[in-house]
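Below is one structure, written out as structure tokens; the observations come after it.
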Amino acid sequence: MASKSKIDASQSINDSNSQMHSVSISLRSSPLRLHLESSKRVFSSDQEGINVKNGIPNPPATSIAASTEYPKHEKFYSQPIPASTPYSEAAIKGESPNPVENQQRNPRIDRPKDRRFDCFKTWSGKLKMQLSHLRGKQCELEPAVNVSQNVENEALPVARYFDALEGPELDTLRASEELVLPEDKKWPFLLRYPISSFGICLGVSSQAILWKTLATSKSMSFLHISLTVNLVLWCISVALMVSVLFTYFLKVIFYFEAVHREYYHPIRVNFFFAPCIASLFLVLGVPPLVAKSLHAALWYILMTPIICLELKIYGQWMSGGQRRLSRVANPSNHLSIVGNFVGALLGASMGLKEGPIFFFAVGLAHYMVLFVTLYQRLPTNETLPKEYHPVFFLFVAAPSVASMAWAQIQGVFDYGSRIMYFIALFLYFSLGVRINFFLGFRFSLSWWAYTFPMTGASIATIRYSNEVTNPVTQILSVLLSGISTFTVMALLITTILHAFVLRDLFPNDISIAISHKRSKTGKKRFHLRSGSSNTKDIEASLKP
């Protein structure tokens, strides 16, 4: 009996030792009661089944469940630990596993979010940043993101644009400057979408007016052009206008700071007239069946934003300061003038009198000032780069539309209309004979500046041929109409190619991402303007 008791005692000691090395984890019961296929069940005469995993026996589930008190409606069962896992290794070694370090990482989730574009966003997601926007302070970014410089949400002075940028449209950063946005990656699409995209709408919608004029003019009746062409072009223009306007409206919603900087850009600000002018073109080019139902109130609605912009822009031209006309004069300023003449033309065609005369007078006064300023550029002004030569055709747009507007107001293409038309025709020919003036530079959206001035000259020639009908005016009308149509079609195909095939139509918009102050690390340099000997300008450019 003594030997038997010794054997039983030794077995109990061995069982207790084996249980001391057993490891198990209590998991919440699953409805499916899944068990690992690799676990084995060992049965003995005096115990229930013992789970074995890699030679490590586990105690019965009932013993563990009895030692821990849980609510009666919940049951927990011991599950074996899978082999070669961080949890089993840490449990065997007696360490506490760290689930955060051992879980599988998702690179898309774990990488830090890029906050460098938040300062240009309308809603950055942080109340503190929004409050700093309202107070006009710098945007505060997360310290985890390495940003070289923050954006200052206040209007940049026009001199800062001239100092930091160069190129045909002030869209190239000087070597001494740094951007507040990353240059090594492509920016979001809306941030790269410029206001100058409305130039496409101007070119296509003006073609709808041209083909409507060709189909309805008596002098062009020998061409037998159907109004179907006008209808198709008008529908394309409407679809294009809606898509471009909707895209830029999204930019206003999500990246208002970028729109704010475009408005203060000395060249981009003129393109804010483009949506209104394109809308006027759409109303002028509407098919005759629809044109009968247009109400005069539409003219007042379309001209309201134009007069508001003119009060702002013309006031800056006249009041002096950094944005005076002699400082910011460039051919794109004609867009702010053309809006007056197009509005006068549309109002007169609707039967209005006083409103069209008012806008015609305002446009004529400022056109004469702008014409002289651009013709007689100061010797201290820099020569416009070659890439900016297409916008010289905007010289043709204003007198062409003005001649048609005055003819519509007077009811006849009289001497006043003919004088303005002849000025436009001379400017057209003086630019057309200089072929090398418009060759040898890369494609950009500025090329659309060719389109609607050439189309305007073609329409004015057709109107003139109705008054003076002879083979010369008829041939000239057909020739100019063919050139403008071919130019628009070529530019439209090229734009589609660069937008969807080459995908380089909208590069990073450098002009809106300049810093408020000159970079201290960049190389300091100054550009001596031709014929300038002003030592104060040189000293100012050398200052940090």
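The values are calculated or read from the model by the stated rules, or taken from the named source; none is laboratory data. Not measured: the values here are computed from a predicted model. For neighbour counting, all protein chains shown are included, and Cβ atoms are generated from backbone atoms with ideal geometry for every residue, glycine included. To get the accessible areas, we keep the full protein, side chains included, count just its heavy atoms, and leave off ligands, DNA and RNA. Shrake-Rupley method; radii C 1.70, N 1.55, O 1.52, S 1.80 Å.
Annotations for the structure displayed:
- Filter result for Gly351 (of a type outside the set (Ser, Thr, Tyr), in contact (Cβ under 8 Å) with a residue 24 or more places away in the chain and not in a helix (DSSP H, G or I)): yes
- Among residues of the stretch 202-223 that are under 15 Å from Val478 (Cβ atoms), those with a Cβ under 6 angstrom from a residue that is outside any helix (DSSP H, G or I), sequence gap 6+ or separate chain, pair up as Leu214/Met220; Leu214/Ile225; Ala215/Ile225; Ser219/Thr469.
- For the stretch 178-191, taking the residues that are surrounded by fewer than 14 Cβ atoms within 10 Å (Cβ to Cβ) and at pLDDT 85 or above, the one that is nearest to Tyr248 (Cα to Cα) is identified as Phe189.
- Residues of the stretch 216-247 satisfying the condition of being part of a helix (DSSP H, G or I), polar (S, T, N, Q) and over 32 Å from the mean Cα position of the chain (by Cα): Thr216, Ser221, Thr228
- Residue selected from the stretch 333-352 under the condition open to solvent by less than 10 Å² (accessible area, probe 1.4 Å) and more than 31 Å from the chain's Cα centre (by Cα), by the criterion farthest from Pro453 (Cα to Cα): Gly347
- Residue match in the stretch 248-263 (condition: within 24 Å of Val401 (Cα to Cα) and either in contact with an Asp or Glu (Cβ under 7 Å, 6 or more places away or on another chain) or open to solvent by 50 Å² or more (accessible area, probe 1.4 Å) (or both)): no
- Condition broken by Ser237, with the remaining ones in (1) in contact with a Pro (Cβ under 9 Å, 6 or more places away or on another chain); (2) buried (at least 21 other Cβ atoms within 10 Å of the Cβ); (3) hydroxyl-bearing (Ser, Thr, Tyr) satisfied: (1)
- Whichever residue in the stretch 421-434 is out of contact with any Phe, Trp or Tyr (no Cβ under 6 Å at 6 or more places or on another chain) and at pLDDT 90 or above and, among such residues, is farthest from Phe392 (Cα to Cα): Phe422
- Phe437 vs. criteria modelled with pLDDT under 90, in a helix (DSSP H, G or I) and not charged (D, E, K, R): yes
- Condition check for Thr213: over 24 Å from the mean Cα position of the chain (by Cα) and of a type in the set (Ser, Thr, Tyr): yes
- Any chance Leu378 is modelled with pLDDT under 95, surrounded by 17 or more Cβ atoms within 10 Å (Cβ to Cβ), aliphatic (A, V, I, L, M) and touching a helix residue (DSSP H, G or I) at 6+ places or on another chain (Cβ under 8 Å): no
- Residues that are surrounded by fewer than 19 Cβ atoms within 10 Å (Cβ to Cβ) and without any contact (Cβ under 8 Å) to a residue 24 or more places away in the chain do not occur anywhere in the stretch 192-201.
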